[in-house]
Amino acid sequence: MTIRKAILTFTLSTSVTMLLQCCFTGVESTPRITDNDVTRQKIIVSPEMKFMDDVASQPFGEWSDGKEFYVTDDKIGIVLIQPDQSIKISTGDTIHYLHSRNAKTITGESATDLIFARKGSPIEFSYRIPFPIEALSTKPVSIPFTVESSIIDSVRQLMTGNTYYVITPIWYSIDGHAITGRRFIPVKITDVRPGNHIYPVKIVFTDDTDSEACVLMSIGNENLSTRGFPDLFAFDNPRNRYPSITDINWERIIRSEIALEMTRDECRLALGAPKEIDRHPSPGGLLEIWNSDDGQYLVFLDGILTRYRQ
């Protein structure tokens, strides 16, 4: 072999090796897909997303004497100024707004004291806001560990007596214990009650077996809420959107169960979107692995479930 041929052979061999390495590296560096990537799509405003548009906290300027608030947590005592510490305000109590007055913070800045009393008691207490009264007129003012009774009344008027399809399996018993619910079944709303300081509205319903349960709902901007109405309920039967799913697999989806040979879409309906997705090519096809925060582990081959751990 001449020196020229040797150089040419070496150059060609090196180029092929580099090309193969680049291809291999490209496969191995496929970015990890998160649940944000899975759910990223063009947002279509549904009727469910608009249903609670008119339910909101009143601006402070519209408050009237006697406006009521339900207490959702015993911790409310931490944020209130009470002249008589023997008076305990607890979860389930109702307090009502009396009036407001100018105040000063410990640094001498203008503030506002909102004056309340517990329903049935003459003892007054206050909640301090670090803004002057004139700055509050157009703003909603939130009292920690409470929910406005007007919000509960508005949701009750909208929902009580109606039938919806519940789309979350996160149910609670009436006394507040978490229970395993079902997805995509019709439920009839029987009452709306105060919830807790995170999810202020409790929706009480009966299912198709006449069993009573409830879900907790948030109120406000649905882009920020994590359990707004569209996250919990649908107006129409979701089954109608998936005619290709067999009845056997739909029953599994309702119970949040999965089985081998279910598709990715069926598993997503049954369990929700995964936290992370890893995709790798394999001799048998595209391997996809789903991981969730609760330890669930699903393996798909070309979109079909082949192994899982729940």
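The values are calculated or read from the model by the stated rules, or taken from the named source; none is laboratory data. Keep in mind the model is a prediction, meaning the values are calculated, not measured. Virtual Cβ from ideal backbone geometry, glycine too; neighbours counted across all protein chains shown. Only protein heavy atoms, including side chains, enter the accessible area calculation; ligands, DNA and RNA are left aside. Shrake-Rupley method; radii C 1.70, N 1.55, O 1.52, S 1.80 Å.
Would you please give the FRET efficiency between residue 99 and residue 209, computed as 1/(1 + (r/R0)^6) with r the Cβ-Cβ distance and R0 = 51 Å, to the nearest 0.05?
Working from the Cβ atoms, E equals 0.55.
Tabulate in residue order the Karplus-calculated ³J(HN,Hα) for region 251-261, using 6.51 cos²θ - 1.76 cosθ + 1.60 with θ = phi - 60°, rounded to whole Hz; enter x for Gly and Pro.
Those phi angles translate into 4, 5, 4, 4, 8, 6, 10, 10, 8, 4, 6 Hz.
Residues with beta-carbon under 15 Å from that of residue 136, excluding residue 136: net charge, scoring Lys, Arg +1 and Asp, Glu -1?
Charge balance near residue 136 sits at 0.
Report the extension gain between residue 282 and residue 149 in nm, rounded to one decimal, defined as 0.36 nm multiplied by the number of residues separating them, less their alpha carbon distance.
Roughly 42.1 nm would be gained on extension.
Filter the GluC sites (Glu not before Pro) in region 53-121 to those in DSSP coil with at most 14 other Cβ atoms within 10 Å of their Cβ, and list the result.
109
Determine the distance separating the Cα centre of region 128-176 from the Cα centre of region 281-304; give it in Å without decimals.
40 Å
What's the FRET efficiency of residue 123 with residue 191 using the Cβ-Cβ distance as r and R₀ = 41 Å, to the nearest 0.05?
0.85
Leaving ligands and nucleic acids out of the surface, order 205, 145 by accessible area at 1.4 Å, largest first.
Largest accessible area first, the list is 145, 205.
Could I have the simple spin-label model distance between residue 306 and residue 50, label points 7 Å from Cα toward Cβ, reported in nm to one decimal?
4.6 nm
Which of the peptides 119-129, 278-288 is most tightly packed, and how do the rest follow, judged by the mean count of other Cβ atoms within 10 Å per residue?
Ranking, from highest mean packing down: 119-129, 278-288.
So, R0 is 30 Å and r is the distance between the beta-carbons of residue 91 and residue 64; what FRET efficiency does that work out to, to 0.05?
It comes to 0.75.
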